[in-house]
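Worksheet for the structure shown next.
The values are calculated or read from the model by the stated rules, or taken from the named source; none is laboratory data. In this text the structure is predicted, and so the values were computed from the model without any measurement. Cβ atoms come from the backbone with ideal geometry, glycine included; neighbour counts cover every protein chain shown. With ligands, DNA and RNA removed, areas are computed over all heavy atoms of the protein, side chains included. Shrake-Rupley method; radii C 1.70, N 1.55, O 1.52, S 1.80 Å.
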Amino acid sequence: MITGIEAIVDAVTDIELKHIGQKVLANERISFKEGVILFEKGSLGYLGALANWVREQKHGNITYFNRNFHIEPTNVCVFSCAFCAYSRLYAHREEGWELSTQQMLDIVKSYDGKPVTEVHIVGGVHPKLNMEFFMDVMKQIKAHRPDLHIKGYTAVELDYMFRKAKLSAEEGLTMLKAAGLDSLPGGGAEIFHPEIREKICADKVDADGWLNIHRTAHLLGMHSNATMLYGHIESYEHRIDHMDRLRTLQDETGGFNTFIPLKFRNMDNDMSHVPESTIIEDMRLYAVARLYMDNFPHLKAYWPMLGRKNAQLTLSFGVNDLDGTIDDTTKIYSMAGSEEQNPSLSTAELVALIKQVKREPVERDTLYNEIKNYADISQTEMEINPLYN
Ligand code: V47
Ligand code: SF4
């Protein structure tokens, strides 16, 4: 008698879904059309079982997390993405914020003695904040704390900076890397397909521009992440098209660390009439992402946007990575209506969230080097030791 995942695949009556399941179990890549079929016909249970099997083949029960904080230099932005609740147009810049170099450095200094490993710098595209400004910020951060990994600037911010400075992606990234930039975050990808991009973020860098900046970073030896803003006006084909472009680039360079689906939140933006996706659709999407993005080592849930309990649930749908302690340093999701109005988790809370669902918490750095396995540290010790709070 066959049992486990083989039995689940065997029991499926739909011939197409069964065939896709068999391919997954044989470690064969699924095609564009098969990705769409999974979205159209795959039940939550079936997709979850397959995605969880893949996740456990790759990582067992290990669930990574990191200790990090964000700096958002400004929310003033020259662009006007319809989904963005956060930015303020340059014409109304008095309604937004702009941090000085000293203010950013003071944020970094406020973590002196605390065991964070990463600062995530991302914000609006301010026309006055240029290459020199950010290079100076990064040099000062590195002079103060050389071991702090700087993951910074979306391809949207970089594209604008480079065009203004009349630099190619290679020239610009080489300069930023020399100033201290270690890797790129995955933001600004949204939905690559022009049918959707023209409606939700027409004026910023297009798919090829975004992909080219990440390709160039990879060729220069830097790693990066990739996101997808889902659950608004895109179709299943648009989602697979997005993942397919990333999968193709990953085949070429191998430079992506993790894929981060970002659930569209609809408060206070120009797409507030668009309903948010259901939790079932969210989990189906994580599962399909795990199955389709077969060359991405990690699939990350960003809990400030999903909420901590939903992020916990993703650990059964293919996710093996939770970002992060955050320490209430980002406003992008609270301003768009996330339940997490002050996103912050202590290490003890994050570890407990992972252990509650019988997974093994492992702290990582940005490049997924293992820092510490928390499986055998008791919750009581975690709660009393200031290092974990
Ligand atoms: O590109 C903006 C998204 C992104 C909304 O690389 C929204 O580790 C949902 O990319 N509803 C920026 N999403 C954040 C980002 C990110 C976050 C965490 C980790 C990493 C990483 C990257 O935020 C934007 C956009 O896709 N966003 N508004 C909204 N209303
Ligand atoms: Fe600007 Fe980014 Fe908001 Fe678009 S999503 S308006 S680029 S801050």
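The table below gives the values:
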quantity: In the range 301-310, the residues that are crowded, with 23+ Cβ neighbours inside 10 Å and either among the aliphatic types (A, V, I, L, M) or away from ligand 2 (no atom under 16 Å from the Cβ) (or both); calculated: 301, 303, 305, 306
quantity: Residue in the range 200-207 that is closer than 26 Å to residue 338 by Cα, out of contact with any strand residue (DSSP E or B) (no Cβ under 7 Å at 6 or more places or on another chain) and free of Cβ contacts under 8 Å to residues at least 24 places away in the same chain present; calculated: yes
quantity: Unique match (being within 16 Å of ligand 2 (Cβ to nearest atom) and not aliphatic (A, V, I, L, M)) among 316, 338, 378, 344; calculated: 338
quantity: Filtered residues of the range 243-268 (kept if touching a strand residue (DSSP E or B) at 6+ places or on another chain (Cβ under 6 Å) and in a helix (DSSP H, G or I)); calculated: 246, 250
quantity: Hey, residue 231 within 16 Å of ligand 1 (Cβ to nearest atom), among the small types (Gly, Ala, Ser) and either on the phi < 0 side of the Ramachandran plot or at pLDDT below 95 (or both) or not; calculated: no
quantity: Residue list for the range 124-139, restricted to those being of a type in the set (Lys, Arg) and either without any contact (Cβ under 8 Å) to a residue 24 or more places away in the chain or out of contact with any helix residue (DSSP H, G or I) (no Cβ under 6 Å at 6 or more places or on another chain) (or both); calculated: 128
quantity: Criterion (under 21 Å from the mean Cα position of the chain (by Cα), basic (Lys, Arg) and open to solvent by 10 Å² or more (accessible area, probe 1.4 Å)) met by exactly one of 139, 204, 151, 199; calculated: 204
quantity: Odd one out for residue 213, checked against (1) touching a strand residue (DSSP E or B) at 6+ places or on another chain (Cβ under 8 Å); (2) away from ligand 2 (no atom under 15 Å from the Cβ); (3) not charged (D, E, K, R); calculated: (2)
quantity: Leading residue by the ranking (most open to solvent (accessible area, probe 1.4 Å)) among those in the range 261-280 that are more than 11 Å from ligand 1 (Cβ to nearest atom) and either among the polar types (S, T, N, Q) or within 16 Å of residue 85 (Cβ to Cβ) (or both); calculated: 273
quantity: Residues (among the β-branched types (Val, Ile, Thr) and open to solvent by less than 50 Å² (accessible area, probe 1.4 Å)) located in the range 1-45; calculated: 5, 9, 12, 20, 24, 30, 36, 37
quantity: Identity of the residue in the range 245-260, surrounded by 16 or more Cβ atoms within 10 Å (Cβ to Cβ) and among the charged types (D, E, K, R), that ends up farthest from residue 230 (Cα to Cα); calculated: 247
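Conditions (1) of a type in the set (S, T, N, Q); (2) closer than 30 Å to residue 367 by Cα; (3) under 24 Å from the mean Cα position of the chain (by Cα), marked per residue:
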site	(1), (2), (3)
16	no, no, no
25	no, yes, no
28	no, yes, no
33	no, no, no
37	no, no, no
47	no, yes, yes
53	no, yes, yes
56	no, yes, yes
61	yes, yes, yes
